[in-house]
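**Student:** Shown below is the structure under consideration.
The values are calculated or read from the model by the stated rules, or taken from the named source; none is laboratory data. Note that the structure is predicted; figures quoted are calculated from it, not measured. Here the Cβ is made from the backbone with ideal geometry for all residues, glycine too, and neighbour counts use every protein chain on show.
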Amino acid sequence: MENRGDSARGTRDQALRHVREHFADGAQYIAGRPAKGTSGRTHTVVDPATGDEIHTYELAGADDVDSAVAAARDAFPLWSAATPGERSDALHRFAAVLADRAGEFALAESLQCGKPLKLSREFDVPGTIDNTAFFAGAARHLQGQSAGEYSGDHTSYVRREPIGVIGSIAPWNYPLQMAAWKILPAVAAGNTIVLKPAELTPLTSLLFAASATEAGIPDGVINIVTGTGGQAGERLVAHPDVAMISFTGSTPVGKRVAEIATGTVKRLHLELGGKAPFVVFDDADIEAAVHGAVAGALINTGQDCTAATRAYVQRPLYEEFVSATADLMATVRLGDPFEPGTDLGPLISYAQRDRVAGFVDRARTHARVVTGGAAPQHLKGAYYLPTLITDAAQDSEIVQSEIFGPVLVVLPFDDDDDGIALANDTPYGLAASAWSRDVYRAGRATREIRAGCVWINDHIPIISEMPHGGYRASGFGKDMSAYSFEEYTQVKHVMFDNTAVARKDWHRTVFGDR
């Protein structure tokens, strides 16, 4: 009988064979065809679970970005003129192709990211298919305001029209889902798009674009350029033919994107960093809160901008919460992402592991590491143990800065005012959760915590029908849901004269008397 290790190796080998065959023609996808980058530089995708090389490809340069933008610009007139029903039908076909290739997507996502295969299979890929199906339906419901005679002499109505060529830049933590969140509302609304995935993780974005072509979405509607931020990314943001930029990533890089985009007065959609609070009131279900904290802090190895990072626990529950959370963290199984029993994979790279370790090591001077706080010795890849920290100061780096790793800081609070104030005490405002059996207490938390999403008695779940986006330093604009159409459309007021009178009454302000 084949043991688990042999099974995992076989699955990884299968994924490697597919990647090397599928991407032999390059890591760019322009006008419906794969292509090699022309920057003169290469990049190697590395399996973060082993450190082994997966695939080396040629990076995109400015000329590749120009070619992709030109392809999107050429495709825009036909695609924007398609009826909502035609775009909807194309996206329904797209969802069907994705469903047929779900296993292939899951393998590629786990290989390039180090995600446990169960996370790719049960979260990333099904979520992407559902998102595609949602926008297939939503494409038929892109509506303006009802017509009316607001002036008395004219009929007015509002049109929502596509913007043009969209430039999007996606991060490495959820490459497939982020590609979908950016591409789907844009094309459903009639835009065309050039997406730059992170150079660390381009594989599933390229598969996504190729699947769109297979589904019959016209060439040039969806284009992928895989290059560095400094070369391909900045060229895309500054390009005069790109009408809008959608960026997901860190707040400092988001500021740079905004700075460049102002040169051509582009519309901006920014989903930036997060430092999500997890507020546990003294009437909470402690078992539910502990399980929620561990799951919310460790999903995707903590590389999630909405991950639970700051747990504030009211003092009557504080000691029990810390003890139970540490015990539950210790049961989480680190290992090969392709092993069925693995709960937690590696961080995206050794550099990211070292960055996380740096945060924890600096915190030791003023805080207590309850559990974790080290790389496991028995694993080769970029792994880091689930880590729980207490006794940190509210203004310390470990509490205020985005770590992007499997690290949870737990602090006590006294009364409800204190808990909510602490929750709001960072520059970020992407997501938060509150834990209570009291509906009034929970209701107050949803009103007063300043974040784009507030969960009650849960943390992390997302659904296609509801928006995702932040406040303050977490950016602005919404992904998913019908609200995302507001990001990818422009509003036009149309006004018809109903009088058929040549000389209007208001003309007297320019010439003549009443």
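**Student:** Criterion first (surrounded by fewer than 21 Cβ atoms within 10 Å (Cβ to Cβ), of a type in the set (A, V, I, L, M, F, W, C) and either at pLDDT 95 or above or not assigned by TED's automatic domain parsing to the domain that holds E122 (or both)) does V360 satisfy it?
**Tutor:** No, not satisfied.
**Student:** Considering (1) closer than 30 Å to W506 by Cα; (2) assigned to a loop (DSSP other than H, G, I, E, B); (3) not aliphatic (A, V, I, L, M), say which one S156 fails and leave the rest.
**Tutor:** Failing condition for S156: (2).
**Student:** Right, next: Return only the number of the condition from (1) aromatic (F, W, Y); (2) surrounded by fewer than 22 Cβ atoms within 10 Å (Cβ to Cβ); (3) not assigned by TED's automatic domain parsing to the domain that holds S433 that Y318 does not satisfy.
**Tutor:** (3)
**Student:** Also, quick follow-up: Determine which member of the set K118, K36 is under 19 Å from Y174 (Cα atoms) and basic (K, R).
**Tutor:** Within the list K118, K36, the selection yields K118.
**Student:** Sticking with this one: Do we find a residue being modelled with pLDDT under 95, surrounded by fewer than 18 Cβ atoms within 10 Å (Cβ to Cβ) and either within 24 Å of P218 (Cα to Cα) or touching an Asp or Glu at 6+ places or on another chain (Cβ under 8 Å) (or both) anywhere in the stretch 157-168?
**Tutor:** Looking through the stretch 157-168, at least one residue is modelled with pLDDT under 95, surrounded by fewer than 18 Cβ atoms within 10 Å (Cβ to Cβ) and either within 24 Å of P218 (Cα to Cα) or touching an Asp or Glu at 6+ places or on another chain (Cβ under 8 Å) (or both).
**Student:** Same structure again: Could you give every pair whose Cβ atoms fall below 7 Å, whose first residue belongs to the stretch 146-160 and is among the charged types (D, E, K, R), and whose second residue is part of a strand (DSSP E or B) and modelled with pLDDT of 90 or more, counting only separations of at least 6 or pairs across chains?
**Tutor:** Filtered contacts from the stretch 146-160: E149/T155; D153/D497; R159/K492; R159/V494; R160/T489; R160/V491.
**Student:** Does A60 qualify as being in contact with a strand residue (DSSP E or B) (Cβ under 7 Å, 6 or more places away or on another chain) and either in contact (Cβ under 8 Å) with a residue 12 or more places away in the chain or over 26 Å from L236 (Cα atoms) (or both)?
**Tutor:** Against the criterion (in contact with a strand residue (DSSP E or B) (Cβ under 7 Å, 6 or more places away or on another chain) and either in contact (Cβ under 8 Å) with a residue 12 or more places away in the chain or over 26 Å from L236 (Cα atoms) (or both)), A60 qualifies.
**Student:** A further question on this structure: Which members of the stretch 214-225 meet the condition of being in contact with a Phe, Trp or Tyr (Cβ under 7 Å, 6 or more places away or on another chain) and either at pLDDT below 95 or not hydrophobic (A, V, I, L, M, F, W, C) (or both)?
**Tutor:** P218, N223
**Student:** Going by the conditions given, is A393 in a loop (DSSP other than H, G, I, E, B) and surrounded by fewer than 18 Cβ atoms within 10 Å (Cβ to Cβ)?
**Tutor:** So A393 passes the test.
**Student:** Quick check on G381: is it on the phi > 0 side of the Ramachandran plot and either in contact (Cβ under 8 Å) with a residue 24 or more places away in the chain or in contact with a Pro (Cβ under 6 Å, 6 or more places away or on another chain) (or both)?
**Tutor:** In short, no.
**Student:** Where the second residue is buried (at least 19 other Cβ atoms within 10 Å of the Cβ) and basic (K, R) and the first is within 15 Å of I463 (Cβ to Cβ) and lies in the stretch 111-130, which pairs have Cβ atoms under 8 Å and are six or more apart or on separate chains?
**Tutor:** D124/K115
**Student:** Let me ask another. Here is a check on your reading of the model: is L203 over 15 Å from the mean Cα position of the chain (by Cα), crowded, with 24+ Cβ neighbours inside 10 Å and not hydroxyl-bearing (S, T, Y)?
**Tutor:** For L203, the condition - over 15 Å from the mean Cα position of the chain (by Cα), crowded, with 24+ Cβ neighbours inside 10 Å and not hydroxyl-bearing (S, T, Y) - is met.
**Student:** Could you check, for the stretch 280-296, whether at least one of its residues is out of contact with any strand residue (DSSP E or B) (no Cβ under 9 Å at 6 or more places or on another chain), assigned to a helix (DSSP H, G or I) and charged (D, E, K, R)?
**Tutor:** yes
**Student:** With respect to S481, is the statement that it is assigned by TED's automatic domain parsing to the domain that holds F247 and either modelled with pLDDT of 90 or more or within 24 Å of N300 (Cα to Cα) (or both) true?
**Tutor:** It is true that S481 is assigned by TED's automatic domain parsing to the domain that holds F247 and either modelled with pLDDT of 90 or more or within 24 Å of N300 (Cα to Cα) (or both).
**Student:** Given the residues A261, A238, which is the only one that is closer than 22 Å to E486 by Cα and surrounded by fewer than 23 Cβ atoms within 10 Å (Cβ to Cβ)?
**Tutor:** Being closer than 22 Å to E486 by Cα and surrounded by fewer than 23 Cβ atoms within 10 Å (Cβ to Cβ) holds for just one of A261, A238, which is A261.
**Student:** Sticking with this structure for a sec: Output the residues belonging to the stretch 318-333 that are within 13 Å of G372 (Cβ to Cβ) and in contact with a Pro (Cβ under 6 Å, 6 or more places away or on another chain).
**Tutor:** M329, V332
Matching residues to (1) surrounded by fewer than 23 Cβ atoms within 10 Å (Cβ to Cβ); (2) acidic (D, E); (3) outside the structural domain of G167 (by TED's automatic domain parsing):
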{"site": "A81", "(1), (2), (3)": "yes, no, no"}
{"site": "E86", "(1), (2), (3)": "yes, yes, no"}
{"site": "R93", "(1), (2), (3)": "yes, no, no"}
{"site": "A99", "(1), (2), (3)": "yes, no, no"}
{"site": "E104", "(1), (2), (3)": "yes, yes, no"}
{"site": "S110", "(1), (2), (3)": "no, no, no"}
{"site": "G127", "(1), (2), (3)": "yes, no, no"}
{"site": "F135", "(1), (2), (3)": "no, no, no"}
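**Student:** Still on this structure: Output the residues belonging to the stretch 403-451 that are over 30 Å from R364 (Cα atoms) and in contact (Cβ under 8 Å) with a residue 24 or more places away in the chain.
**Tutor:** S436, R437, D438, R441, R444, A445, E448
**Student:** Any residue at all in the stretch 323-340 that is in contact (Cβ under 8 Å) with a residue 40 or more places away in the chain, acidic (D, E) and surrounded by 24 or more Cβ atoms within 10 Å (Cβ to Cβ)?
**Tutor:** Yes, the conditions are met somewhere in the stretch 323-340.
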